[in-house]
1. Got a sec? Which of ALA14, ALA32 is among the aliphatic types (A, V, I, L, M) and touching a residue at least 24 places away in the same chain (Cβ under 8 Å)?
2. Just one of the numbered conditions (1) without any contact (Cβ under 8 Å) to a residue 24 or more places away in the chain; (2) more than 26 Å from GLN13 (Cα to Cα) is not true of GLU75; which one?
3. Do we have LYS51 as basic (Lys, Arg) and in contact with a Lys or Arg (Cβ under 6 Å, 6 or more places away or on another chain) here?
4. Could you count how many residues in the range 49-95 are at pLDDT below 90, in contact with a helix residue (DSSP H, G or I) (Cβ under 9 Å, 6 or more places away or on another chain) and surrounded by fewer than 14 Cβ atoms within 10 Å (Cβ to Cβ)?
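The values are calculated or read from the model by the stated rules, or taken from the named source; none is laboratory data. Note that this is a predicted model, so its numbers are computed, not measured. Here the Cβ positions follow ideal geometry from the backbone for every residue, glycine too, while neighbour counts run over all protein chains shown.
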Amino acid sequence: MNKFFMQQAQQLQAKLAKAQEELANITVEATAGGGAVKVTMTGQQKITSVKIAPEVVNPQDIQMLEDLVLAAVTEAIAKSQEAAAKHLSSITGGLKIPGLG
C-alpha cells in the first residue's frame, strides 16, 4: 500500500477516535408532554437523566406516562444522532463511514 495513504488513514483514525471521545461530552435534551418528561442524552446515545414532573404520575393512567417517556427518549435519540452526525461530518468531510453517527 502507498505509504501516504496509510498515513492519511492513521490520521483519520486518530481524528475519529478523538471525535468519539468528544461525543461523550455533547448533551441533548428532549421533552414530552409540554416538559412533563425530560430526557438528557450524550452524543453517544447514553441516557444521563430522566426527569418526570410529579403531576403526570397518575397510578390510574400509567399508559400516558409510558407514552410520554417513550416520546421523550425517541426524540432524544434523534437529536443525539443528529448532533453526532454533524460533529463527525466535520472530521470525515461528509463521507459516510459505517458505524459512525
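1. From the options ALA14, ALA32, the qualifying one is ALA32.
2. (1)
3. Criteria met by LYS51.
4. So the count comes out to 2.
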